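Q: I'd like to ask you about the structure that follows.
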Amino acid sequence: PPPPSAAHLVPLQTGGAHPPLFLIHPAGGNVYCFRALAGLVGDERSLLAFRARGLKDDEAPLETIEDLAAFYLEAIRHRQPSGPYLLGGSSMGGMVAWEIAHRLRAAGETVALVALFDTYGPGHLPPAPEGPPPAMPGVDLHGPRPADERALLRVRHVLGVNARAMHAYRPPALDAPAVFLRASERRENEPDHPERAWIDLAEDGLAVHVVPGGHTGMFEPPHVERLARQLRRSLRLALDDLDD
C-alpha cells in the first residue's frame with residue numbers, strides 16, 4: 001500500500017517515458033507556484049509536487065528538513081522504486097530536495113539532477129524569524145472561524161515552522177549533479193548570491209543560471225517561460241550524461 005506521504009504528492013502532469021520530476025514546495029507549503037511551469041516543461045515526463053503537512057485541519061507540520069525529506073522519500077520510492085531520480089525544490093524546497101538526494105545516494109541510487117530554484121542556504125539566508133511560529137487555528141470560543149481564515153492561519157503556521165527548519169538545517173556534501181536557478185531580481189532582505197551556500201557542497205559541481213523575475217515571480221508569466229527552457233535544458237543534459 002502507498003505510504004501516508006503519497007497523499008501529499010500532487011500530480012501536476014502525468015505521462016511520458018522519461019523519469020518523473022519530483023518537486024518540493026516552498027516554505028508556505030503549497031504547490032501553486034509550479035502550475036505554470038508544469039505546462040512548459042514538455043510532455044515527456046510526469047511532474048509531481050509535494051504539498052506540506054499542516055495545511056489541513058487534521059494535520060501537524062513536520063518541523064525539520066530531515067523529517068520532511070524522510071517523509072517525502074517514502075512516497076518517491078513508492079512511485080519510482082529505483083533511479084535515476086530527478087529532484088527539485090522552490091526556495092526551502094530545494095533544501096529538502098538536497099537532503100532527499102543525499103539519502104538516495106547513501107542508499108546507492110543514481111540521482112541524475114537536483115534543481116535548486118533560488119534556494120537559500122547556510123550563511124546566505126534572510127533574517128531568522130523571531131519568537132514562536134503563529135499558532136495553529138484552534139477552537140474559537142467566540143464562534144467558529146470561517147474556512148478561508150482557518151486556511152490562512154494554517155499557511156502562516158506552516159510558513160513559520162518551515163522558516164525555522166531552514167535556519168536549523170546543515171546540508172551535507174552531495175555527489176550528484178546540481179543546478180541553481182537564481183532569480184535576477186533581489187529584494188532588500190534577500191541574499192544577492194544564494195547559490196554561494198551550495199557551491200562547496202556540490203561535489204559534482206553546481207551549474208548556476210540566472211533567470212528573470214524575483215524569488216516568486218520567476219514562476220509566473222512571462223518569466224516562467226525562460227525558467228522552463230533552462231530547466232528543460234538541464235534535465236536533458238543530466239539524462240544525456242547518464243548515457244555517456
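The values are calculated or read from the model by the stated rules, or taken from the named source; none is laboratory data. Quick caveat, the model's predicted, so the values are computed rather than measured. Here Cβ is always computed from backbone atoms with ideal geometry, including for glycine, and neighbour counts include all displayed protein chains. Side chains included, ligands, DNA and RNA excluded: accessible areas come from the protein's heavy atoms. Shrake-Rupley method; radii C 1.70, N 1.55, O 1.52, S 1.80 Å.
Q: Report, by residue number, each residue of region 21-30 that is within 9 Å of the chain's Cα centre (by Cα) and over 23 Å from residue 167 (Cβ atoms).
A: 22, the sole residue that qualifies.
Q: A further question on this structure: Going residue by residue through region 226-240, is there one that turns out to be acidic (Asp, Glu), more than 22 Å from residue 38 (Cβ to Cβ) and modelled with pLDDT of 95 or more?
A: no
Q: So, one more: Hey, could you check region 183-203 for residues that are in contact (Cβ under 8 Å) with a residue 60 or more places away in the chain and in a helix (DSSP H, G or I) and say which is farthest from the chain's Cα centre (by Cα)?
A: Checking each candidate, the answer is 196.
Q: Something else: Condition check: among the basic types (Lys, Arg) and out of contact with any His (no Cβ under 7 Å at 6 or more places or on another chain). Does residue 196 satisfy that?
A: So residue 196 does not fit the description; no.
Q: Go through region 6-15 and give me each residue that's within 17 Å of the chain's Cα centre (by Cα) and either surrounded by fewer than 19 Cβ atoms within 10 Å (Cβ to Cβ) or part of a strand (DSSP E or B) (or both).
A: Scanning region 6-15 gives 6, 7, 9, 10, 11, 12, 13.
Q: In region 138-162, which residues are among the aliphatic types (A, V, I, L, M) and either at pLDDT 80 or above or open to solvent by less than 60 Å² (accessible area, probe 1.4 Å) (or both)?
A: Correct list: 151, 152, 153, 155, 158, 159, 161.
For every residue, the table says whether it meets (1) crowded, with 17+ Cβ neighbours inside 10 Å; (2) at pLDDT below 95.
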| residue | (1), (2) |
| --- | --- |
| 4 | no, yes |
| 17 | no, yes |
| 24 | yes, no |
| 31 | yes, no |
| 34 | yes, no |
| 55 | yes, yes |
| 74 | no, no |
| 84 | yes, no |
| 102 | yes, no |
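This table checks each residue for (1) among the aliphatic types (A, V, I, L, M); (2) farther than 23 Å from residue 28 by Cβ; (3) assigned to a strand (DSSP E or B); (4) free of Cβ contacts under 8 Å to residues at least 60 places away in the same chain.
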site: 87; (1), (2), (3), (4): yes, no, yes, no
site: 98; (1), (2), (3), (4): no, no, no, no
site: 108; (1), (2), (3), (4): no, yes, no, yes
site: 150; (1), (2), (3), (4): no, no, no, no
site: 159; (1), (2), (3), (4): yes, no, no, no
site: 167; (1), (2), (3), (4): no, no, no, yes
site: 181; (1), (2), (3), (4): yes, no, yes, no
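Q: Separate question: For region 209-218, indicate whether the set of residues that are in a loop (DSSP other than H, G, I, E, B), more than 18 Å from residue 34 (Cα to Cα) and open to solvent by less than 30 Å² (accessible area, probe 1.4 Å) is non-empty.
A: no
Q: Check residue 135 against each of (1) at pLDDT below 95; (2) closer than 19 Å to residue 92 by Cα; (3) assigned to a loop (DSSP other than H, G, I, E, B) and name the one condition it does not meet.
A: Among (1) at pLDDT below 95; (2) closer than 19 Å to residue 92 by Cα; (3) assigned to a loop (DSSP other than H, G, I, E, B), residue 135 violates only (2).
Q: Another question, if that's okay. Can you find even one residue in region 98-105 that is under 24 Å from residue 216 (Cβ atoms) and charged (D, E, K, R)?
A: Among the residues of region 98-105, at least one is under 24 Å from residue 216 (Cβ atoms) and charged (D, E, K, R), which makes the answer yes.
The rows are residues; the columns are (1) within 19 Å of residue 102 (Cβ to Cβ); (2) in contact with a Pro (Cβ under 9 Å, 6 or more places away or on another chain).
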{"position": "176", "(1), (2)": "yes, no"}
{"position": "197", "(1), (2)": "yes, yes"}
{"position": "204", "(1), (2)": "yes, yes"}
{"position": "216", "(1), (2)": "no, yes"}
{"position": "228", "(1), (2)": "no, no"}
{"position": "232", "(1), (2)": "no, no"}
{"position": "243", "(1), (2)": "no, no"}
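Q: Enumerate the pairs (first residue in region 1-15 and farther than 15 Å from residue 72 by Cα; second residue anywhere and open to solvent by 30 Å² or more (accessible area, probe 1.4 Å)) with beta-carbon separation below 8 Å, excluding pairs fewer than 6 apart on the same chain, so at least 6 apart or on different chains.
A: 12/35; 13/39; 13/43; 15/43
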